[in-house]
Amino acid sequence: MKVVVDLNRCQAYAQCIYAAPDHFALHGAEALVYDTAPDEAARAEIERAVQACPVRAITATSDVPVPMPQKAGDR
Amino acid sequence: MTAPTEAPRQIVIVGASLAGLSAAHALRDVGYGGRIILIGDEHESPYDRPPLSKQVLRGLYGADTSLPQRADLDATFRLGVSALELDTLAHRIYLSDGTQIVYDRLLIATGTRARPWPNGAEAASSNVYTLRGHADAEHLARGLAWKPRRVLIIGGGFIGCEIASCCRDLGLDVTLAVRGALPLAHALGSVTAAFMRDVIRDCGVDLRLETEVARFQADADSRVVAAILRTGQRIEADCVVAALGALRNTEWLAGAGLAVSPKGVRVDAHCRVLSTTRAVVPDVFAAGDIAHWPSAIYGGRHLAVEHWGNAVAQAETAARNMAAGEAGLVSYDHLPDFWSQQFGLNIKLVGLPAGADQFAVVQGSLRDRRFIGVYGAQGRTVAAVSVDSARWLPAYRAAVTEGAPFPPIVGALDQADIRPRPLAQAVP
């Protein structure tokens, strides 16, 4: 996966650290460091971290192509 | 020159880093369905730079900082290729692989490079480093893994301080040579810079102020073994990092008739590039570190910043305007903001302290190493800095954007007495 955090937005609520403790950490009280390229196996955790961030600072994409959702009209 | 009338079908982005990729994403977000071609002189896919000097050097997590790309981006990447020349009349770019490419709209996003150590022979030594790109970070990380006896960092800006911090985290002895009286003074002003001086020293860095390195001494293998200061004093070091700031990559635009200076490419409020006669070149745009742009928040003053947030936001506006016709142009404005992580502290700044003559701590305290400080210029609030107090910053961001009377927000909960003090000298 690929992860980037907008650290202008980040306010160190640390919810990502609870959601994915192996992939996000604080250096000191507030400085966030994080796994920029987590293994695909961590996808559920990373997605939880994305959702848990109160200021929506985390963007993550999977390296595995996601099948496009079917359009309503195709069904 | 007339404005382009036809909808673009081929948009070329020169510079495949944060601004370039953000623009490509934004083009798809606004429904642009034509071709997008990104040209980048590095071989890697677009990657994020801030982690390089904060965590990659420390060996935290991996070295892959590739930026997320949406699955339906559908862009063509020409990587490892640089643009050599631009012909705006023919809408043509000449590339380093001998090919040419034409565009309906062009985004210039070639950013900056590290300013090299001025002595070329010394700069070429195998243990003299700079840090800007991914390859630089991996090279320096390997150098640090050899456990040098002393790392000498030249330059007291953010990159120099962040590298010094990483070196201390790695348990390395480090000397930080700063030309001015304080580190980070240009960016943070004298009060916060003096605070950082104490932090840096408390963390075990041999911080040398008002110190200029004249030359290096090398051994028989041309490896640097020491630096000689202007005073003649000698500092033994077997790893040297030149952190002397950045130079804008404008050379390929020479001869294109554009308004180019060391501050970048002059653009109008819509991110459209200006010619040497200050006329709008309607189909050429610029964004990110390379753009020299007029800020409405700062009274139309032209700004040139090297900030992550500006690269993203400006690229998005430029992309919207590239896809839109003349009637759909939107203006760009953005309050400068950035962050740094060093010595275990999270430092964030909003606004521009340039010209500030007063400073006040408005939350927390310097002693607790947790505070918000605000900068005033002629009675107006022009910037705010946060040290480990990021949650308070948005309130002050609003005050900076409005140019509220200085000091803003008095009598707030948990707020100590506010005692504004003059800055030792106005922030340059």
- Query: How well do other chains shield peptide B:54-64, expressed as the mean number of their Cβ atoms within 10 Å of each residue Cβ?
  - Reply: 4
- Query: What ranking do B:306-314, A:17-25 get when scored by the average of other Cβ atoms within 10 Å per residue, highest first?
  - Reply: B:306-314, A:17-25
- Task: Can you tell me the dipole magnitude for chain B around its Cα centre, using point charges on the Cβ only (Lys, Arg +1; Asp, Glu -1), in Debye to the nearest 20?
- Result: 800
- Give me the compactness ratio for the protein assembly as shown, meaning the Cα radius of gyration over 2.2 N^0.38 Å. 0.99
- Once Rh for the range B:1-156 is found with the Kirkwood sum over Cα pairs, what is the Stokes-Einstein diffusion coefficient at 20 °C and 1.002 mPa s, in µm²/s? 120
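How large is the helix-only mean residue ellipticity at 222 nm for chain B, computed as the sum of -39500 (n - 2.57) over DSSP H runs with n ≥ 4, divided by its residue count, in deg cm²/dmol to the nearest 500?
Calculated at 222 nm, the ellipticity per residue is -6000 deg cm²/dmol.
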- Query: Ranked from highest to lowest mean number of other Cβ atoms within 10 Å per residue, what is the order of the peptides B:158-165, B:22-29?
  - Reply: B:158-165, B:22-29
- Task: Let me know the whole percent of all Cα-Cα pairs from the range B:209-257 that are separated by more than 17 Å.
- Result: 52
- Item | Farthest positive-ward along the range B:277-428 dipole, Cα basis, beta-carbon charges - from B:P394, B:G364, B:P353 | B:G364
- Angle between the Cα long axis of helix A:43-52 and the longest principal axis of chain A, 0 to 90 degrees, nearest 10? 70
- Quick note on B:R35, B:R320, B:R370, ordering by fewest other C-beta atoms within 10 Å, gives B:R35, B:R370, B:R320
- With +1 on each Lys and Arg Cβ and -1 on each Asp and Glu Cβ, how big is the dipole of the range B:249-375 about its Cα centre, in debye rounded to the nearest 20? 320
- Query: Computed over the Cα atoms of the range B:86-145, what is the ratio Rg over Rh, Rh following Kirkwood?
  - Reply: 1.17
- Highest first, please rank the peptides B:175-181, A:55-61 by the mean number of other Cβ atoms sitting within 10 Å of their residues. B:175-181, A:55-61
- Is the shape of chain B best called rounded, prolate or oblate, per the rule: a/c under 1.5 gives rounded, else a/b larger than b/c gives prolate, else oblate, with a ≥ b ≥ c the square roots of the Cα gyration tensor eigenvalues? oblate
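Over the whole of B:307-314, what's the average partner chain Cβ count within 10 Å per residue? Rounded to a whole number, please.
2
Inside 10 Å of the C-beta atoms of B:68-74, what's the mean count of C-beta atoms belonging to other chains?
Partner Cβ neighbours, averaged per residue: 4.
No value in this document is a laboratory result; all are computed from the given coordinates. Keep in mind the model is a prediction, meaning the values are calculated, not measured. When we count neighbours, we look across all protein chains shown, and the Cβ atoms used for this are built from the backbone with ideal geometry, even at glycine.
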